[in-house]
Amino acid sequence: MASAIPPQSHVPGPNTKVIHHGENFAPDSGCVMPPLFQTSTFVHGNQAGFDYTRSGNPNFRILESVLASLEGCKYSTVFGSGVSAITAVVSSLKAGDLVLCEENLYGCTVRLFEQVFSRFGIKTTWVDFTNMNSLADIQEKKPAMIWLESPTNPLLKIIDIKKICDVANEQQIPVVVDNTFATALIQRPLELGATLSLTSTTKYINGHSDALGGSLCTNDPEWNSKMLFAQKSLGLQPSPFDCWLITRGIKTLPLRLERQISSASYLANQLTEHPAVNWVRYPFHPDHPQQKTALKQMKTGGAIITTNVKGDLSKTYQLCKSLKYFTMAESLGGVESLVCHPGSMTHASVPLAIKKRIGIDDSLIRFSVGCEDLSDLTEDLTNALNQVL
Ligand SMILES: *Cc1c(COP(=O)(O)O)cnc(C)c1O
């Protein structure tokens, strides 16, 4: 009979990594879970080297150690939100620099580039990185930075991260990958050649929709210093309590994701067969235009499904509202299922012409599949589709 205990290997698995962290900074107390260090300042000259929470706090360090371990990298820096993490990266650029951006980025990332950073002289060019002509753009335009997201929000486009990084690295152009939809459990951008892996920890990492956070992971000590500098000098730091919550939330990330992914994969198939559905986008589906790339760089297809239904704006909106267990709300990645109408919600601020070009129309719906019982989610979806459309 086989032994119940698997053989020990040197590298702990993801479940172990998220549960155990390096230090809790209060060893004398004997506490098993790290305490909340709710303090703005520290005694000058203390052993741990903390001085003021804007530039570091034990709760930041604990979360950073878990995130770096999960990403398999040297450094992680935490921020107050995903948007703060984006701001930190862009603050390292200077007026006149060009950022070559994937054209289907998260709506608030687009808004930051178009409405905020542009006023400080940061230029952006939007390209379709699934089109191999974009490789020539890298060579011709010589950008200061490349900004990718994969899978993209909300169309779940899959960008070949390694292919882009190979070309960029030859010219020493840093590549940022927003890894929020996949998380390090599904995809490791740094191993594919990216300089920075960015995550909104508000989503899957925390998983309980009760805190905001962001993180940047890298193996480059220079970039790590730049991120620590941005954290303190721009005031982009998180609160110790949010870090404490996210450190607790991440402990169940692999467990949560396992269920969410298996439910999403099942629901994606169900949706494909429903007569009220035009098309379904799910990274591991055979009809996904970049399925091959998805299979190559992702461990699983994730837990987000995007679909286009046979209904106009009002019918599509009604469908979102009539769901019982999928709450209509911004955000994703929590234990509760959510439904979003990107055209009027997450991507409302994206100019109409861009929305049209990239395929965000009134009939588009994005589902974030949660941890509820699959039978309840299936029934909820089927009922709503049957009734409304
Ligand atoms: C939510 C999100 C962000 C922004 O993160 P916040 O924590 O909300 O500031 C950035 N990128 C992607 C892909 C997101 O989904």
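Take the stretch 158-178 and flag every residue that is open to solvent by less than 10 Å² (accessible area, probe 1.4 Å) and in a helix (DSSP H, G or I).
Once the filter is applied, which keeps residues that are open to solvent by less than 10 Å² (accessible area, probe 1.4 Å) and in a helix (DSSP H, G or I), the stretch 158-178 yields Ile161, Ile164, Cys165, Ala168.
Taking the conditions exactly as written (among the acidic types (Asp, Glu), assigned to a helix (DSSP H, G or I) and at pLDDT 95 or above), does Glu258 satisfy them or not?
Numbers: among the acidic types (Asp, Glu): yes; assigned to a helix (DSSP H, G or I): yes; at pLDDT 95 or above: yes.
Yes, satisfied.
Results for (1) without any contact (Cβ under 8 Å) to a residue 60 or more places away in the chain; (2) of a type in the set (Lys, Arg), shown as yes or no for each residue.
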{"site": "Gly13", "(1), (2)": "yes, no"}
{"site": "Lys17", "(1), (2)": "yes, yes"}
{"site": "Pro27", "(1), (2)": "yes, no"}
{"site": "Gly30", "(1), (2)": "yes, no"}
{"site": "Leu36", "(1), (2)": "no, no"}
{"site": "Ser40", "(1), (2)": "yes, no"}
{"site": "Val43", "(1), (2)": "yes, no"}
{"site": "Leu63", "(1), (2)": "no, no"}
{"site": "Ser84", "(1), (2)": "no, no"}
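Quick one: count up the residues across the stretch 342-382 that are open to solvent by less than 30 Å² (accessible area, probe 1.4 Å), touching a Lys or Arg at 6+ places or on another chain (Cβ under 8 Å) and more than 14 Å from the ligand (Cβ to nearest atom).
3
If you go through the stretch 292-326 one residue at a time, how many are β-branched (Val, Ile, Thr) and either within 16 Å of the ligand (Cβ to nearest atom) or in a loop (DSSP other than H, G, I, E, B) (or both)? Spell out how you get there, then give the answer.
Start the filter on the stretch 292-326 by keeping residues that are β-branched (Val, Ile, Thr), which leaves 293, 300, 304-307, 309, 316.
Right, trim to either within 16 Å of the ligand (Cβ to nearest atom) or in a loop (DSSP other than H, G, I, E, B) (or both) and you get 300, 304-306.
Going through the stretch 292-326 one residue at a time, the tally reaches 4.
Testing Phe181 on (1) surrounded by fewer than 24 Cβ atoms within 10 Å (Cβ to Cβ); (2) farther than 20 Å from Ser92 by Cα, one condition comes back false. Which one is that?
All conditions pass for Phe181, except number (1).
Given the conditions (1) part of a helix (DSSP H, G or I); (2) under 22 Å from Ser375 (Cα atoms); (3) not small (Gly, Ala, Ser), report the number of the one that Pro275 does not fulfil.
With (1) part of a helix (DSSP H, G or I); (2) under 22 Å from Ser375 (Cα atoms); (3) not small (Gly, Ala, Ser) applied to Pro275, the lone miss is (1).
State which residue pairs qualify: first residue of a type in the set (Lys, Arg) and inside the stretch 176-199, second residue surrounded by fewer than 24 Cβ atoms within 10 Å (Cβ to Cβ) and at pLDDT 95 or above in any location, beta carbons under 7 Å apart, and separation of 6 or more residues or different chains.
Final answer for the pair search is Arg188/Gly72.
What single numbered condition from (1) crowded, with 18+ Cβ neighbours inside 10 Å; (2) within 16 Å of the ligand (Cβ to nearest atom); (3) over 19 Å from the mean Cα position of the chain (by Cα) fails to hold for Leu385?
Every condition holds for Leu385 apart from (2).
Restricting to the stretch 192-222, count the residues that are touching a Cys at 6+ places or on another chain (Cβ under 9 Å) and either of a type in the set (A, V, I, L, M, F, W, C) or closer than 19 Å to Gln297 by Cβ (or both).
12
Give just the number: which of (1) open to solvent by 10 Å² or more (accessible area, probe 1.4 Å); (2) away from the ligand (no atom under 11 Å from the Cβ); (3) out of contact with any Pro (no Cβ under 8 Å at 6 or more places or on another chain) does Thr202 not satisfy?
Checking Thr202 against (1) open to solvent by 10 Å² or more (accessible area, probe 1.4 Å); (2) away from the ligand (no atom under 11 Å from the Cβ); (3) out of contact with any Pro (no Cβ under 8 Å at 6 or more places or on another chain), the one that fails is (2).
Check off (1) touching a residue at least 40 places away in the same chain (Cβ under 8 Å); (2) more than 13 Å from the ligand (Cβ to nearest atom); (3) open to solvent by less than 20 Å² (accessible area, probe 1.4 Å); (4) part of a helix (DSSP H, G or I) for Ile246 and give me the number that stays unchecked.
Failed condition: (2).
Quick check on the stretch 112-137: of everything there that is closer than 19 Å to Asp97 by Cβ and of a type in the set (D, E, K, R), which residue is surrounded by the fewest Cβ atoms within 10 Å (Cβ to Cβ)?
Arg119
If Asn57 satisfies every condition in (1) under 20 Å from the mean Cα position of the chain (by Cα); (2) over 24 Å from Cys108 (Cβ atoms); (3) buried (at least 24 other Cβ atoms within 10 Å of the Cβ) but one, which is the exception?
The failed condition is (1).
For the stretch 229-243, what are the residues that are closer than 21 Å to Glu23 by Cβ and open to solvent by less than 60 Å² (accessible area, probe 1.4 Å)?
Across the stretch 229-243, the qualifying residues are Gln231, Gln237, Pro238, Ser239, Pro240, Asp242, Cys243.
The values are calculated or read from the model by the stated rules, or taken from the named source; none is laboratory data. These figures come from a predicted structure and were not determined experimentally. Reconstructed Cβ throughout: ideal geometry from the backbone, glycine too, with neighbour counts over all protein chains shown. Note: accessible area is taken over every heavy atom of the protein model, side chains too, but ligands, DNA and RNA are not part of it. Shrake-Rupley method; radii C 1.70, N 1.55, O 1.52, S 1.80 Å.
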